[in-house]
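The values are calculated or read from the model by the stated rules, or taken from the named source; none is laboratory data. It should be emphasised that the depicted structure is a prediction, and the values quoted were computed from it without experimental measurement. All Cβ positions, glycine included, derive from the backbone under ideal geometry; neighbour counts span all protein chains shown. Just so you know, the surface numbers come from the protein's heavy atoms only, side chains and all, with ligands and any DNA or RNA stripped out. Shrake-Rupley method; radii C 1.70, N 1.55, O 1.52, S 1.80 Å.
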Amino acid sequence: MISYKLLLFALIIASTCGVMLFAAIDDAGYPAIPLPGYDTVSITFRTSENGDVSLTAYHANTLVKKFMGLGNQTSLPRDKGMVFTFDSVDSRTVGMRWMEFPIDIIFVSDDGVVNTVVTLSEPQSLVESSVLYETVECEAKYIIEVNAGWTKENNITHGTEVHIDDSVSV
C-alpha cells in the first residue's frame, strides 16, 4: 500500500513538472507567474523615512503555489512581490529552490509588524538550485518576497508596520 506522504510527494512533483510547462512571458516582457489563477494583493509598508511604500504581490495561498513560490522565474518587476499567507504564526522556512535571482524575504507577525528581513542569493549551479539551496527560518504568519535590495531602498526593517489588503485569506 502506498503511504500518504509518498502520494503527496508524487503529487507535488507531478504538479511542479506540469506547472513548468505553462511558464510564459507577459506583455511587459517579464516572466509570468508559473501557475494560472494567482490573485494579486496590495501591501503597504509604513516607514518613518519614506512614509507609506506600496507593493503589489502575487498571493501564494495554496500548497502548490507555496511550494513553487518564485522558483523558475527569471526576474520579478521592481514593484512586484509574492506574499505567502498562513493560518497562524509558526516557524517558517524559505528556500531558494529553482531561483534565478536574489530576493529579500520579509517575515511578518500576525499583528502586521516585520520580524526579520533576510537577503538570499540565487543558486550558482543546478545542484545548488535543486538540492543544496540556501534556506532561512523565522517565526511568521506572512512571508513577503521581493527583489534583493528592495527592502534597503525602501527602509523596510524590523518593526516596520505592514498592511496587507483586507481581502487576503489563507
Legend entry - Residues located in the range 44-57, provided they are closer than 16 Å to residue 83 by Cα and out of contact with any His (no Cβ under 7 Å at 6 or more places or on another chain): 45, 53, 54, 55, 56, 57
Inset, instruction - Give 78, 92 a once-over and let me know the one that is out of contact with any His (no Cβ under 8 Å at 6 or more places or on another chain) and either within 17 Å of residue 161 (Cα to Cα) or open to solvent by less than 60 Å² (accessible area, probe 1.4 Å) (or both). - result: 92
Inset, instruction - Go over the candidates 117, 162, 113 one by one and state the one that is modelled with pLDDT of 90 or more, β-branched (Val, Ile, Thr), within 21 Å of residue 56 (Cα to Cα) and exposed (fewer than 15 other Cβ atoms within 10 Å of the Cβ). - result: 113
Legend entry - Members of the range 95-110 that are open to solvent by less than 30 Å² (accessible area, probe 1.4 Å) and part of a loop (DSSP other than H, G, I, E, B): 96, 99, 101, 109
Legend entry - Pick from the range 135-154, criterion of a type in the set (D, E, K, R) and assigned to a strand (DSSP E or B), ranking: least open to solvent (accessible area, probe 1.4 Å): 145
Inset, instruction - Would you confirm whether any residue within the range 44-60 is in a loop (DSSP other than H, G, I, E, B) and open to solvent by less than 60 Å² (accessible area, probe 1.4 Å)? - result: no
Inset, instruction - Pick out the one residue from 149, 81 that is at pLDDT 90 or above, within 24 Å of residue 44 (Cβ to Cβ) and within 14 Å of the chain's Cα centre (by Cα). - result: 81
